[in-house]
1. Report the net charge of residues surrounding K7, where surrounding means a beta-carbon distance below 14 angstrom and charges are Lys +1, Arg +1, Asp -1, Glu -1.
2. Report the gain in length on full extension from S52 to E116: 0.36 nm times residue separation, minus Cα-Cα distance, nm rounded to one decimal.
3. In a shell of Cβ-Cβ distance under 12 Å around E33, excluding E33 itself, what net charge do Lys and Arg (+1) and Asp and Glu (-1) give?
4. Tally Lys and Arg at +1 and Asp and Glu at -1 over the other residues with C-beta under 12 Å from the C-beta of V122: what net charge comes out?
Amino acid sequence: MSGALSKEEIYLQYKDKVFAYIRNHVNSPEDAEDLCADVFVKIYQKLDTYDSSKASISTWIYSVTSNTVIDFYRTNHIHSEIPEDLTDERSTVEEEVLSQENLSLLAKALKDLPQEQMDIIVLRYYKGYTLQEVAELMHLSYGVTKLRHREALGRLNEMLAS
């Protein structure tokens, strides 16, 4: 693993992104903290199996994080629906947000979104709010917030793909 990040560097670099992702999918802050700790335990245990030729470290961490959240829903037999963005094919934009190496491209793409969509993305991914909390903060219905969120992800996907 020459040139690879140490466990401490991985934790410092990714803890906020991992926690924000989990917090967006899990209602309880306590559960989110537990799951975040679980993610890093799994990462440390499996770090020697990580293959940089298959995926970037950030994509691999995203995958471990996403699978941990899905396992949480399955293990706890949570009766509410598993969030769509966990059961859909993995959102390439969410993956891009987590794995984006060039943040200036992302910042530029965000600035090109309509203000409302930019606010939704910032509140969800950078501030760590759930879509329900974003809806309340922005005084929008949950349905409208969910629609605008999907539109924003679509636009970001187009902008980042070009």
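Taken together, the values in this text are just the output of simple stated rules run on the coordinates, not laboratory data. Source: prediction; values computed, not measured. Reconstructed Cβ throughout: ideal geometry from the backbone, glycine too, with neighbour counts over all protein chains shown.
1. Summing Lys and Arg as +1 and Asp and Glu as -1 gives 0.
2. 19.3 nm
3. -2
4. So the surrounding residues net to +1.
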